[in-house]
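**Student:** Structure incoming, see below.
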Amino acid sequence: MFKREYEPLDQYLSPNKVLVIYGPRRVGKTTLLQNYLKQTPLKYKLDSGDNIRTQQILSSQDFAQILSYVEGYELLAIDEAQNIPNIGMGLKIIVDQIPGIKVIVTGSSSFELTGQIGEPLTGRKTTLNLYAMAQSELLSVYNRFELREKLEDFLIFGTYPEVLQAPNQRTRIDILTEIANAYLLKDILALDRIKNSRTLLDLLKLLAFQIGSEVALTELATQLSVDVKTVKRYLDLLEKAFVIHRLNGFSRNLRQEVTNKSKYYFLDNGIRNAVIAQFNSLDQRNDQGQLWENFMLVERLKYRTYYSLYANMYFWRNYRQQEIDLIEEHSGNLFGYEFKWSHNKAVRPPATWTENYPDATFTVIHPANYLEFILP
């Protein structure tokens, strides 16, 4: 139904290289792969990392067995590749030993796959990050007017493909609740070091109520009755598992600028609302500003990712409580953005920001102009 920005995948495939597609569970990685396989003229082999025999073969580092496994194929595709131990070494053997072979693997857990394929496939891979549907991808179905009309739905229910295609609100809520409870933490909890799913969920709830605010690790540790080191590790894992996105403070070493804290955003508004079981309409809630800021930050992240517009992203705040929601730094220039759900009055940049960064731009992003910020 929806066309993804990465289609067709041919443009990212190269002989004797591995195309790695990362992303959260249920955002459409398998569908993207299957759509490509339906139309490719290449002779391909599709397998799953859940297949125990496949796990045994590709983790064996047995050249003869691995090469026999893909003999005669032009393309090898493996879904859920993060479940295969030492997958990187197995893939390295394939792309090094079989002339012209192309390989695609998908994985829902970046910390698993990155750790296993990073070093073995240095110089031998291309990486794509797939998120829930971006507004630019929804243009394949809706025009700009219709996107604006559906804005409240996106803010409350997010943009997971299944959610967008659900026939009614009850089904949307059921899907999001299932993802949050059954899939969101599945990869993290599979690690032996993580025993307490309740602590992870409690941490996510605390973050959900602090969208747009700086997070103090000591406060989180106190509220969760764990140490700061554990909080740091859990936050790192949640980020690597595509649940949250961290934004650090910007500074050019000016004494009054705050940089020792971070802000955390959910990679999908619907997941954020599922974590706190809050699906009321906008006129019945007091967190419209937080929903708007989260949505804008993540849609901008998708836009920059899909269109290869590289930039460092930060927030800015000083000890006088002056702040800017998003700072982008690229090509030697600074661009400041403030996200305002209500835009009845003019918003000026903080005086300290203007004094210290006179060449920086400042733009307020609100419901009347937001599509220009996140669409090509």
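The values are calculated or read from the model by the stated rules, or taken from the named source; none is laboratory data. No experiment lies behind these values; they were computed from the predicted model shown. Positions of Cβ are backbone-derived with ideal geometry, glycine not excepted, and every protein chain shown enters the neighbour counts.
**Student:** Any residue at all in the stretch 160-168 that is crowded, with 20+ Cβ neighbours inside 10 Å and either part of a helix (DSSP H, G or I) or among the β-branched types (Val, Ile, Thr) (or both)?
**Tutor:** Yes, the stretch 160-168 has at least one match.
**Student:** Kindly evaluate Gly123 against the criterion of being without any contact (Cβ under 8 Å) to a residue 24 or more places away in the chain and surrounded by fewer than 16 Cβ atoms within 10 Å (Cβ to Cβ).
**Tutor:** So Gly123 fits the description; yes.
**Student:** Shifting gears a bit: Filter the stretch 203-237 for residues that are hydrophobic (A, V, I, L, M, F, W, C), surrounded by 15 or more Cβ atoms within 10 Å (Cβ to Cβ) and more than 25 Å from Asn286 (Cβ to Cβ) and give the result.
**Tutor:** Passing the criteria: Leu217, Ala221, Val226, Val231, Leu235, Leu237.
**Student:** Can you pull out every residue in the stretch 301-353 that is polar (S, T, N, Q) and closer than 25 Å to Ala132 by Cα?
**Tutor:** Within the stretch 301-353, Thr305, Ser308, Asn312 meet the criteria.
**Student:** Let me ask you something else. Within the set of pairs 6 or more residues apart or between chains, which connect a residue that is on the phi > 0 side of the Ramachandran plot inside the stretch 144-160 to a residue that is modelled with pLDDT of 95 or more with Cβ atoms less than 8 Å apart?
**Tutor:** Every condition considered, the pairs that remain are Gly158/Ala132; Gly158/Leu176; Gly158/Asp268; Gly158/Asn269; Gly158/Gly270; Gly158/Ile271; Gly158/Arg272; Gly158/Asn273.
**Student:** Give me a count of the residues in the stretch 216-245 that are among the charged types (D, E, K, R) and touching a Ser or Thr at 6+ places or on another chain (Cβ under 8 Å).
**Tutor:** Number satisfying all stated conditions: 1.
**Student:** Restricting attention to the stretch 289-305, does a residue exist that is surrounded by fewer than 21 Cβ atoms within 10 Å (Cβ to Cβ) and over 20 Å from Val364 (Cβ atoms)?
**Tutor:** yes
**Student:** Further question: Which number in (1) out of contact with any strand residue (DSSP E or B) (no Cβ under 6 Å at 6 or more places or on another chain); (2) of a type outside the set (A, V, I, L, M, F, W, C); (3) outside the structural domain of Ile244 (by TED's automatic domain parsing); (4) surrounded by 14 or more Cβ atoms within 10 Å (Cβ to Cβ) marks the one condition that Asn344 misses?
**Tutor:** (4)
**Student:** Check whether at least one residue in the stretch 53-62 is surrounded by fewer than 17 Cβ atoms within 10 Å (Cβ to Cβ), among the basic types (Lys, Arg), under 23 Å from Pro161 (Cα atoms) and out of contact with any Ser or Thr (no Cβ under 8 Å at 6 or more places or on another chain), and report yes or no.
**Tutor:** no
**Student:** Then there's this: Which one of these is closer than 27 Å to Ile188 by Cβ, β-branched (Val, Ile, Thr) and at pLDDT 95 or above: Val18, Val70? Explain how you work it out, then say what you get.
**Tutor:** Numbers: Val70 fails: closer than 27 Å to Ile188 by Cβ.
Step by step, each of Val18, Val70 is checked, and only Val18 is closer than 27 Å to Ile188 by Cβ, β-branched (Val, Ile, Thr) and at pLDDT 95 or above.
**Student:** Tell me, please, whether a residue that is crowded, with 21+ Cβ neighbours inside 10 Å, under 20 Å from Glu149 (Cβ atoms) and in contact (Cβ under 8 Å) with a residue 12 or more places away in the chain can be found in the stretch 352-366.
**Tutor:** yes
**Student:** So, in the stretch 120-138, how many residues would count as being in a loop (DSSP other than H, G, I, E, B) and either modelled with pLDDT of 95 or more or touching a helix residue (DSSP H, G or I) at 6+ places or on another chain (Cβ under 7 Å) (or both)?
**Tutor:** 8
**Student:** So, restricting to helices (runs of 4 or more DSSP H) that lie completely within the stretch 32-114, which ones have at least 1 residues that are aromatic (Phe, Trp, Tyr) and more than 30 Å from the chain's Cα centre (by Cα)?
**Tutor:** Details: elements: 52-58, 63-69, 87-97.
Qualifying helices (runs of 4 or more DSSP H): 63-69.
**Student:** Are any residues in the stretch 95-110 of a type in the set (A, V, I, L, M, F, W, C) and either surrounded by fewer than 19 Cβ atoms within 10 Å (Cβ to Cβ) or within 16 Å of Tyr12 (Cβ to Cβ) (or both), and if so, which ones?
**Tutor:** Val95, Ile101, Val103, Ile104, Val105
**Student:** Out of Tyr337, Tyr314, report the one residue that is at negative phi and either touching a residue at least 60 places away in the same chain (Cβ under 8 Å) or surrounded by fewer than 18 Cβ atoms within 10 Å (Cβ to Cβ) (or both).
**Tutor:** Values: Tyr337 fails: either touching a residue at least 60 places away in the same chain (Cβ under 8 Å) or surrounded by fewer than 18 Cβ atoms within 10 Å (Cβ to Cβ) (or both).
Just a single option satisfies the conditions, and that option is Tyr314.
**Student:** When you go through Ser197, Ser213 one by one, which is the residue that is closer than 30 Å to Gln321 by Cβ and either among the hydroxyl-bearing types (Ser, Thr, Tyr) or over 18 Å from the mean Cα position of the chain (by Cα) (or both)? Even if it seems obvious, please write down each step before you answer.
**Tutor:** Details: Ser197 fails: closer than 30 Å to Gln321 by Cβ.
None of the other options fit; the residue is Ser213.
**Student:** Is there any pair linking a residue in the stretch 161-181 that is modelled with pLDDT of 95 or more and among the charged types (D, E, K, R) to one that is buried (at least 18 other Cβ atoms within 10 Å of the Cβ) and assigned to a helix (DSSP H, G or I), with Cβ under 8 Å and at least six apart or on different chains, and which?
**Tutor:** Qualifying pairs under 8 Å: Glu162/Ile175; Arg172/Phe157; Arg172/Val163; Arg172/Gly270.
**Student:** Pick out, from the stretch 240-356, the helices (runs of 4 or more DSSP H) lying fully within it that include 1 or more residues that are of a type in the set (A, V, I, L, M, F, W, C) and at pLDDT below 95.
**Tutor:** Values: elements: 269-275, 288-306, 351-356.
The helices (runs of 4 or more DSSP H) meeting that bar are 351-356.
**Student:** Show the residue pairs that are 6+ apart or on different chains and have beta-carbon atoms under 6 Å apart, the first residue being within the stretch 255-273 and more than 18 Å from Leu151 (Cβ to Cβ), the second being surrounded by fewer than 22 Cβ atoms within 10 Å (Cβ to Cβ) and modelled with pLDDT under 85.
**Tutor:** Gln256/Tyr319; Glu257/Ser251; Thr259/Ser251
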